[in-house]
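Accompanying notes for the structure given below.
The values are calculated or read from the model by the stated rules, or taken from the named source; none is laboratory data. The structure displayed is predicted, hence computed values, not measured ones. Heads up, the Cβs are rebuilt from the backbone with ideal geometry, glycines too, and the neighbour counts pull from every protein chain shown.
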Amino acid sequence: MASTSDLDKAGSIRRAPEGFLDPAQIAEVTAGRRGFLRNALLMAGGAAAIASTARAESSGDSNILELPVHSKSLGQPVAATGYGQPSKYERNLQRRESPGLTRVSAASVSFTPLQGTFGIITPNGLHFERHHQGWWDIDPSKHRLMINGLVKNPLVFTMDDLMRLPSVSRMHFIECGANTGMEWGNVAVPTVQYTHGMLSCCEFTGVLLSTLLDMAGFDKKNGKFILAEGADGSSMTRTISMERALDDCMVAYAMNGEMLRPENGYPLRMVAPGIQGVSWVKWLRRIEVGDQPWGTKDEVIHYIDLMPDGRHRQYTSIQECKSVITSPSGGQTLLDKGFYNVTGLAWSGRGKVKRVDVSFDGGRNWQTARLESPIQSKCLTRFNIGWKWDGGPAVLQSRAIDVTGYVQPKINQLRAVRGTRSIYHNNAIQSWKIAESGEVANVQVY
Amino acid sequence: MSRFTDLLLALTLCAAGGAGAQADRYPGIGRAATPAEIRAWDIDVRPDFKGLPAGSGSVAKGQVIWDEKCASCHGTFGESNEVFSPLVGGTTAEDIKSGRVKALQEPMARTTLMKVSSISTLWDYINRAMPWNAPKTLAVDEVYAVLAYLLNLGDIVPADFVLSEKTMQQVQDRLPNRNGKVKYDGLWSIRGSADVRNVACMKDCKLESGLASALPDFARGTHGNLADQQRLIGPARGVDTAKAPVSAAKPVSRSMSELATKNNCSACHQLDKKLVGPSYKDIAARYKADDTAESKLVDKVKKGGGGVWGPIPMPPNALKDEDIRALVHWILAGAPE
């Protein structure tokens, strides 16, 4: 049986600061004042806790020694909720708007809480949203897809039709062209949810666009572009090159094993791997084949990249290679000195991720991280690397390299070519500064 | 597509006399779209005016529609920033001549008329999506009219102008930013290559900045309490932004330029270059002989305001009075390092 002092040394009493600790108290833990936590427990638990804490000190953890109610009584029946929900303890992880970014919530964005997701798949309820004119839950039996323009046979499909056709299931990331757009000039938002959360990744199921275009007998000589159009009020329209449409675009009705969520285009959306989310038209109602781009509102007035000479680059689509450390990340406080699994996401609109390097000293020295499988084309890739935090200040960065050999740039390298006012396509290396207090902050270091 | 599919397509085309194409491969799936169905949905208008229906509308008629159906959200003059960014403003007669909007080179807000380079885009968009809360309810002539009015608000067409499928090209030739776009293949084509290059240095890499930018303390709470936005278990907890930062407890000695950076002044001001706001040197020069400047400027930095250096106002700055006083004092001294 261990004595109190042994426990103290061995750390047998878990020192994880509980939810009631404030940053100052966590800082004390961080500073290694172990006795502090016991005092904190005493203060927080009040008289009732005193006894058990005292016991914990003498013989072990009350969470082990005193059997909880769930070990000693009956739990809930099956199908208590027909569609399962996350644990109530996970309620902090929600899609959220960035205050002040847009003026009305029906033409706005909600960001995925990347700080809390694991692996590469985004849970459907946390998939980021971007609507231009609100979202709808459309009756799928009334939804139609039309293909017209430079085709021999203009066609109409019902959802029944589309779901009878040969299907493919593929994992791809979707990233808004404006993701990280608030940070072109300087640091603007506190957490990875807001810096990078217009990013999600799903296994999509649907029909290859090439299958549908073939069925309609598209004009192979003059059909250089397609237009994708939505059925909502905005009737979002985006031009996609025929080359890309035939390469790997698909018309998807499912995400992560269930039908699309209404906010993500139920019952049908375009999946255009590697290019910005605005082209993944939701509530897809029509595809037109044409010989020229359409110059739509979101190709002429928005989703254009302002260059230093005052001209805009138009039809910029590809989401270039990018990565971000999701834990630790901005707005968090580390518990204590010692070991951490530093983890993050990497992706490229040009293919697979080849390598991710991580720096703990603000970009001076780098180590190669472990990539988790699967590593797929135009899909999120999870990376991990171990780190022992010595309690001193540190700046964490990640840098991804894709199959084309392209190395994720630093913000100053992007600015040197594209200026600071582009809004779109900011794929810069992200820096997280760790203070001695353990607090993690969004900074720019290059 | 593979040669095989090509061949198959050619064969099926011959067999079916062009009707079925690959539809024959998937019998029973899909059907021909009727001409009326295509007319109902194929409403897009391209920059070469393909798809533009015949019709017309005057500026005067457009004003009536605007006031009734658009002004509530976009403002009487298309200037409102309430529901969406302003549609009108920032273009000049000079821009109409050159086809390039000069103000796009300035760090200022961008209106719709500053950016749009094809008039078809506005016609198409208003026709399909506006009014925002009742899209696709305007008649063709109403779209022409309200667009004519919008163009008149931007001084692109005169008050007696009538916009029609015949006068669209005239407007195109006057659009202030018609020459303001470049097609950039690097981020479009499947084989497009990158314009920004980094190298994967691994050891003793050269850094160009120290801490170049960080979130100022006053902005900690702008996104709600971060403690409520992080998981309750795991390697970290959310920072309780309702409380002061831990580091704030310790007195820190900072240089004035750091204080300016920390409080975002540097986002708009630099030592000797005009950014959004005037340079510190210019400010110092202007108020050299003015004894009352310091208190005036402290008030201005606190409350924000414009008109002294140009049309762009400075927003209010939320920092401690003593910090503002220190900063203004430092700026008036020429912002020494």
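Between A:G265, A:G233, the distinction of being of a type outside the set (V, I, T) and in contact with a strand residue (DSSP E or B) (Cβ under 8 Å, 6 or more places away or on another chain) belongs to A:G265 only.
Is it true that B:A267 is buried (at least 20 other Cβ atoms within 10 Å of the Cβ) and assigned to a helix (DSSP H, G or I)? No, not satisfied. Of the residues A:E243, A:E263, A:E258, the single one that is surrounded by fewer than 24 Cβ atoms within 10 Å (Cβ to Cβ), of a type in the set (D, E, K, R) and more than 26 Å from B:D124 (Cβ to Cβ) is A:E258. Pairs linking a residue in segment A:339-366 that is basic (K, R) to a residue that is buried (at least 20 other Cβ atoms within 10 Å of the Cβ) and part of a strand (DSSP E or B), with Cβ atoms under 7 Å and 6 or more positions apart or on different chains, are A:R350/A:I318; A:R350/A:D402; A:K352/A:D402; A:K354/A:I401; A:K354/A:D402; A:R355/A:I401.
For segment A:392-446, taking the residues that are farther than 30 Å from A:K337 by Cα and assigned to a strand (DSSP E or B), the one that is farthest from the chain's Cα centre (by Cα) is identified as A:V407.
Report yes if A:L335 is more than 30 Å from B:G30 (Cβ to Cβ) and aliphatic (A, V, I, L, M), otherwise no. So A:L335 passes the test. When we screen B:L207, B:L226, B:L232, B:L215 for residues that are more than 24 Å from A:R95 (Cα to Cα), out of contact with any Cys (no Cβ under 6 Å at 6 or more places or on another chain) and aliphatic (A, V, I, L, M), the only hit is B:L207.
Note on segment A:63-84: among residues that are surrounded by 10 or more Cβ atoms within 10 Å (Cβ to Cβ) and not charged (D, E, K, R), the one that is farthest from the other protein chains (Cβ to nearest Cβ) is A:L65. Within segment A:400-428, the residues that satisfy the criterion of being within 9 Å of another protein chain (Cβ to nearest Cβ), of a type in the set (A, V, I, L, M) and farther than 29 Å from B:K115 by Cβ are A:I401, A:V407.
Considering each residue of segment A:317-335, count those that are closer than 24 Å to B:A227 by Cα, in a loop (DSSP other than H, G, I, E, B) and either hydroxyl-bearing (S, T, Y) or facing another protein chain (nearest Cβ under 7 Å) (or both), and give that number.
Within segment A:317-335, residues that are closer than 24 Å to B:A227 by Cα, in a loop (DSSP other than H, G, I, E, B) and either hydroxyl-bearing (S, T, Y) or facing another protein chain (nearest Cβ under 7 Å) (or both) number 4.
Within the set A:R285, A:R313, the sole residue that is part of a strand (DSSP E or B), under 18 Å from B:L104 (Cβ atoms) and either in contact with a Pro (Cβ under 8 Å, 6 or more places away or on another chain) or at pLDDT 95 or above (or both) turns out to be A:R313. Of the helices (runs of 4 or more DSSP H) entirely within segment B:30-148, those holding at least 1 residues that are in contact with a Ser or Thr (Cβ under 6 Å, 6 or more places away or on another chain) occupy B:71-74, B:112-115, B:119-129. In the set (1) within 9 Å of another protein chain (Cβ to nearest Cβ); (2) touching a residue at least 12 places away in the same chain (Cβ under 8 Å), the condition left unmet by B:E82 is number (2).
Considering only segment A:203-218, state which residues are more than 15 Å from B:Y26 (Cα to Cα) and within 34 Å of the chain's Cα centre (by Cα). Selection gives A:E203, A:F204, A:T205, A:G206. Filtered by the rule that a residue be at the interface with chain A (Cβ under 7 Å from one of its Cβ atoms), at pLDDT 95 or above and in contact with a Gly (Cβ under 7 Å, 6 or more places away or on another chain), segment B:103-120 gives B:L104, B:S117, B:S118, B:S120.
Selection of segment A:281-315 for residues being surrounded by fewer than 21 Cβ atoms within 10 Å (Cβ to Cβ) and among the aliphatic types (A, V, I, L, M) yields only A:M307.
Taken over segment B:221-251, the residue count meeting the criterion of being under 19 Å from A:V395 (Cβ atoms) and either modelled with pLDDT under 90 or among the aliphatic types (A, V, I, L, M) (or both) is 5.
Hey, can you tell me all the residues within segment A:407-446 that are among the β-branched types (V, I, T), crowded, with 24+ Cβ neighbours inside 10 Å and out of contact with any Leu (no Cβ under 8 Å at 6 or more places or on another chain)? Once the filter is applied, which keeps residues that are among the β-branched types (V, I, T), crowded, with 24+ Cβ neighbours inside 10 Å and out of contact with any Leu (no Cβ under 8 Å at 6 or more places or on another chain), segment A:407-446 yields A:I411, A:I429. Can you spot a residue in segment A:121-130 that is touching a helix residue (DSSP H, G or I) at 6+ places or on another chain (Cβ under 6 Å) and at pLDDT 95 or above? Taking every residue of segment A:121-130 in turn, at least one turns out to be touching a helix residue (DSSP H, G or I) at 6+ places or on another chain (Cβ under 6 Å) and at pLDDT 95 or above.
Taken over segment B:202-220, the criterion of being at pLDDT 90 or above and more than 7 Å from chain A (Cβ to nearest Cβ) is satisfied by B:K206 alone. Does A:S234 satisfy being over 22 Å from the mean Cα position of the chain (by Cα), within 21 Å of A:Q133 (Cα to Cα) and at pLDDT 95 or above? Taking the combined requirement at face value, the residue satisfies it. Determine whether segment B:114-128 contains at least one residue that is among the aliphatic types (A, V, I, L, M) and surrounded by fewer than 20 Cβ atoms within 10 Å (Cβ to Cβ). No.
In segment B:151-195, of all residues being part of a loop (DSSP other than H, G, I, E, B), among the charged types (D, E, K, R) and within 12 Å of chain A (Cβ to nearest Cβ), the one that is surrounded by the fewest Cβ atoms within 10 Å (Cβ to Cβ) corresponds to B:R191. A count restricted to segment A:102-116 and to residues that are in contact (Cβ under 8 Å) with a residue 40 or more places away in the chain, more than 10 Å from chain B (Cβ to nearest Cβ) and assigned to a loop (DSSP other than H, G, I, E, B) stands at 1.
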